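Remarks on the structure that follows.
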Amino acid sequence: MAKIHYRKTAGMLLVSALLIPAALLSGCIGHQEQKPAVTVSIQPQKYILEQIVGDKWDVKCLLGSGANPESYDPSMTHLLNLEMSKAYMRVGNIPFESAIINKIHNNNPGLRLYDTSEGVALITGTHAREGAGEEVAAEVDPHTWTSVRNVKKMASNMYEAMVDIDPSNKGYYARRFKTFIQSLDSLDMALDSILRPCRGASFVVWHPSLSYFARDYGLHQIALSPEGKEMSVEDISRAVETARRDSARVMFFQKDADSRQAQTVNDQIGARVVEINPLDYDWKGEMLNIANAMASDSQ
């Protein structure tokens, strides 16, 4: 993947000033060699990358498991972690990522940037309400990590990035990458087997975070709030009509969703509510949780 290097400015003075006391303190208590750091955007990326790098790198993550990407504003700690990292591996197409890069691009001239979704077959239009303009309809769905098949490509991108950053450990990364890919193949086969009886089934979700998962296994996603905003009366009526027509029997509910409006819809369709967290570090567990919920309601 292409990497980008940025020009250094006086912004590094702030980082240096903050780091000097820590360096002096570490000198007083004895030398402790720190692992080099690489930063990712979300917890599922952290999980993926750690399968490849093992204990050789400290993988920092910008977004916590319960945080909302739509309203995320990086703390000073997050920015400092990024500035001290060797590389930043973004998901790609998540709005806050571009804002982050704009904030730190001058402060770490050696920071390498990688788009881990490069080469993934992207889905567009999932975040547009009915009647939205062409520009909104063409927006890319950023939830690429909710597909095991996508994650195979993302892991490949991360492996190549690590070899680019640290070629001396290529053999180590290659062995771990191979093992991880084998585990992904096994997971994909397991999910396919679980969901085979559900082909063509529909499910309801507040935010369209499972578009790629649905594509992989022949499911239909009904998103209540494509833009993550409050639903109008017309939106609620339309969602209820669609869910009834498609016999949706499961509603996946995320912690950051509007529980009041989601409950209003579910009162009328009677679906089983299943809580999910697509941003959780336990990415594999989440994939299995979603699949098993669909399967249990198709029997």
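Read-outs: derived from the displayed coordinates by stated rules, not from any lab. If you're wondering where the values come from, they're calculated on a predicted model, not measured in any experiment. Methodologically, a virtual Cβ is constructed for each residue, glycine included, from the backbone with ideal geometry; neighbour enumeration extends over all protein chains shown.
Some observations on this one:
- Applying the Karplus relation 6.51 cos²θ - 1.76 cosθ + 1.60 with θ = phi - 60° to segment 39-50 yields 3J(HN,Hα) values of 10, 10, 8, 10, 4, x, 4, 4, 4, 4, 5, 5 Hz, where x marks Gly and Pro.
- Taking the number of Cβ atoms within 10 Å of each Cβ as an exposure proxy, the fewest-first ranking of Met162, Met231 is Met231, Met162.
- Per-residue extension of 0.36 nm, minus the Cα-Cα distance of Glu241 and Gln268, leaves a gain of 8.8 nm for this segment.
- Only Cα sites of segment 77-220 enter the Debye sum here, all with the same form factor; the resulting log10 I(q)/I(0) across q = 0.18 1/Å is -1.15, listed in q order.
- Model label sites at Lys170 and Thr124, defined 7 Å from Cα along the beta-carbon direction, differ in position by 3.7 nm.
- Over 26 Å (Cα to Cα) - which of Lys35/Lys255; Lys153/Lys284; Lys103/Lys153 fall in this group: Lys35/Lys255; Lys103/Lys153
- Note on Lys229: aspartates and glutamates with a C-alpha under 15 Å away, same-chain residues under 8 apart excluded, are Glu70, Glu130, Asp256, Asp258.
- Computed lengthening from Ile101 to Asp282, 0.36 nm per intervening residue step minus Cα-Cα distance: 62.5 nm
- Amide H to amide H distances under 5 Å link Val274 with Met251, Phe252, Phe253, where only residues 5 or more positions off or on other chains count and H is placed in the peptide plane.
- Pairwise FRET efficiency - Asn68 versus Gln34, Cβ, R0 = 41 Å, nearest 0.05: 0.85
- Summed side-chain charge close to Thr146 - residues other than Thr146 whose Cβ falls under 11 Å, Lys, Arg +1, Asp, Glu -1: -1
- Residue order, fewest to most surrounding Cβ atoms within 10 angstrom, among Thr77, Thr179: Thr77, Thr179
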